[in-house]
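Structure, as structure tokens:
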Amino acid sequence: MNEHDSEQMLRILEGYDYAETKVAKEAHLILINTCSVREKPEHKVYSALGRYKWLKEKKGTIIGVAGCVAQQEGSRLLDRIPYLDMVIGTHAIPMLPHLLQKIEISGERVCETSYDKDGEYLKAVLPEKRLDKVKSYVTIMQGCDHFCSFCIVPYVRGREKSRPSREIIEEVAHLAEMGVKEVCLLGQNVNGYGKGLEEEINFSELLERINQIEGIERIRFTTSHPKDLSEELIEAFSKLPKLCEHIHLPFQSGSDKILKAMHRGYTKESYLEKIDRLKKVCPSIAVTSDVIVGFPGEEEGDFKETLDLMERIQFDDLYSFKYSPRKGTRAAQFEDKVEEKVKQERLSILQEIQKEITLRKNQELEGCTEEVLVEGQSKQSTQDVTGRTRSNKIVNFEGNLNLVGKLVPTRITKGYSHSLRGETTSG
Ligand code: SAM
Ligand code: SF4
């Protein structure tokens with residue numbers, strides 16, 4: 001979502017004669033987009049700001065902080081960083097030109113973090129020219145009403161708000177005209193899509209409509225909450241040809257006691273049942289997930305439940321995190337904290353197990369032919385192109401840039417831990 005927000009800010013600024021530079025010292029404006037979901041990314045903001053201080057002093061570069069840290073800290077950031085010009089919260093992106101103008105004209109330092117009830121922040125700025133990429137994110141909703149006890153998102157992104165389907169369809173159709181072949185629909189809890197809209201529509205119906213848009217070859221979405229994953233959505237994986245066979249379904253913990261303390265609203269058994277249903281409806285579906293270790297009160301037995309769930313499901317990939325207390329969330333007040341050393345040990349054990357599972361699953365694909373949407377040149381070799389399978393696995397193979405944007409049948413020759421090697425079978 002942050003990546004998408006950065007792109008939106010760039011598009012807004014392009015409309016005001018700004019152009020992107022990769023060289024910081026050439027910039028007139030440096031805007032740091034931020035994440036506060038864990039402590040580590042939050043700290044990175046301060047080190048990034050430190051790196052750019054000299055530019056402010058030497059060249060008068062305008063420096064701003066956007067995103068979740070901006071929303072969370074507000075004017076405290078201006079107090080803490082004397083050379084910071086702008087703090088722009090998660091709902092204030094459309095106000096960017098106005099805020100910049102204020103800084104340019106009066107030299108005033110600005111902070112805008114109010115919540116926008118009308119949903120202006122959800123409106124997308126559409127690209128005017130053909131894009132040099134084949135896939136794009138599309139926001140369908142923002143915010144979250146779940147309030148999991150560890151999570152800062154509802155506090156920094158606000159409550160759930162959906163975009164009208166007409167706007168989403170128009171955006172996807174426009175992206176298709178601009179050369180996009182794959183869209184990934186974004187929301188903190190896509191299953192909640194439609195709530196509060198005047199029209200009657202749910203997420204599965206939205207998918208059906210997007211499936212009909214000409215030029216779009218593939219649809220993905222993130223993130224779905226296990227509690228709200230409906231039977232209708234599960235069945236969409238067998239009904240909608242463009243919906244890719246991949247779901248990211250964060251489980252967070254395999255222990256019912258911890259899931260309850262996290263306020264997740266499901267149990268280990270009910271999570272396993274949902275995965276069973278998904279695999280019945282769509283046997284080739286790839287499942288990835290998020291997990292947290294060291295949540296307050298997590299004992300050895302709870303951690304074993306997490307490992308057991310992983311062993312039973314055999315995720316294609318897993319994003320694993322040490323629990324990081326977030327100020328203002330309920331879990332930050334919980335007393336029975338897990339020692340840092342124990343968190344680290346558990347994380348290492350879990351990651352080692354997952355590494356083997358991922359490698360084995362990738363190796364199982366050797367000899368199979370997969371449809372790859374080619375995205376561009378591979379980073380490793382100018383002879384190679386890179387793309388993804390429908391199950392979202394990276395494949396590199398020898399080929400030229402004419403293949404970019406094409407769906408290429410590719411025979412997998414080798415499975416590694418983070419990618420696959422292949423060769424085209426289309427001649
Ligand atoms: N909405 C998604 C869901 O409910 O599954 C998750 C969105 S959250 C921004 C992304 C991931 O960050 C979560 O799935 C969780 O694993 C991790 N996360 C969130 N808060 C965290 C915290 N306080 N400490 C560690 N990891 C956290
Ligand atoms: Fe955070 Fe996801 Fe829970 Fe919402 S559903 S509070 S975004 S973890």
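The values are calculated or read from the model by the stated rules, or taken from the named source; none is laboratory data. Since we're looking at a predicted model, the values are computed, not measured. Counting neighbours? That spans all protein chains shown, and the Cβs are built from the backbone with ideal geometry, glycine included. Surface areas here come from the heavy atoms of the whole protein model, side chains and all, with no ligands, DNA or RNA. Shrake-Rupley method; radii C 1.70, N 1.55, O 1.52, S 1.80 Å.
For L259, the conditions (1) open to solvent by 10 Å² or more (accessible area, probe 1.4 Å); (2) free of Cβ contacts under 8 Å to residues at least 12 places away in the same chain all hold with the exception of (1). If I filter region 27-46 for residues that are farther than 18 Å from I152 by Cβ, at pLDDT 95 or above, out of contact with any strand residue (DSSP E or B) (no Cβ under 8 Å at 6 or more places or on another chain) and part of a helix (DSSP H, G or I), do I get at least one hit? Checked region 27-46: no residue is farther than 18 Å from I152 by Cβ, at pLDDT 95 or above, out of contact with any strand residue (DSSP E or B) (no Cβ under 8 Å at 6 or more places or on another chain) and part of a helix (DSSP H, G or I).
Do you know which of the residues in region 109-157 that are within 16 Å of ligand 2 (Cβ to nearest atom) and more than 25 Å from L207 (Cα to Cα) is surrounded by the fewest Cβ atoms within 10 Å (Cβ to Cβ)? Here the answer is F147.
For region 88-103, a residue qualifies if it is of a type outside the set (A, V, I, L, M, F, W, C) and farther than 19 Å from V156 by Cβ, and the qualifying residues are P97, H98, Q101, K102. Return the pairs, sorted by first residue and then second, in which the second residue is among the basic types (K, R) and in a strand (DSSP E or B), the first residue lies in region 374-395 and is at negative phi, the beta carbons are less than 8 Å apart, and the residues are 6+ apart or on different chains. Within 8 Å, the pairs are E375/K135; E375/R388; R390/R218; I394/R388; V395/R388; V395/R421. Would you call I30 under 27 Å from the mean Cα position of the chain (by Cα), under 22 Å from C151 (Cβ atoms) and surrounded by 15 or more Cβ atoms within 10 Å (Cβ to Cβ)? No, not satisfied. Of all residues in region 173-185, those satisfying the criterion of being more than 15 Å from C244 (Cβ to Cβ) and either of a type outside the set (G, A, S) or touching a His at 6+ places or on another chain (Cβ under 6 Å) (or both) are H174, L175, E177, M178. The residue that is farthest from Q354 (Cα to Cα), among those in region 376-427 that are open to solvent by 60 Å² or more (accessible area, probe 1.4 Å) and acidic (D, E), is E398.
Here L185 meets each of (1) within 16 Å of ligand 1 (Cβ to nearest atom); (2) assigned to a helix (DSSP H, G or I); (3) among the aliphatic types (A, V, I, L, M) with one exception, condition (2). For region 216-237, check the following and say yes or no: at least one residue is open to solvent by 10 Å² or more (accessible area, probe 1.4 Å), within 21 Å of G119 (Cβ to Cβ), among the charged types (D, E, K, R) and modelled with pLDDT of 95 or more. No: region 216-237 contains no residue that is open to solvent by 10 Å² or more (accessible area, probe 1.4 Å), within 21 Å of G119 (Cβ to Cβ), among the charged types (D, E, K, R) and modelled with pLDDT of 95 or more.
The set of residues in region 315-336 that are more than 16 Å from ligand 2 (Cβ to nearest atom), buried (at least 17 other Cβ atoms within 10 Å of the Cβ) and part of a loop (DSSP other than H, G, I, E, B) comprises F315, D316. Out of the residues in region 192-204 that are in contact with a helix residue (DSSP H, G or I) (Cβ under 8 Å, 6 or more places away or on another chain) and open to solvent by 20 Å² or more (accessible area, probe 1.4 Å), state the one that is farthest from ligand 2 (Cβ to nearest atom). Here the residue is E199.
Taking the stated definitions as given, is Q363 part of a helix (DSSP H, G or I) and either in contact with a Cys (Cβ under 6 Å, 6 or more places away or on another chain) or over 21 Å from T413 (Cβ atoms) (or both)? So Q363 fails the test. Considering only residues of region 255-312 that are part of a strand (DSSP E or B) and among the hydrophobic types (A, V, I, L, M, F, W, C), which is farthest from P241 (Cα to Cα)? My answer is V293.
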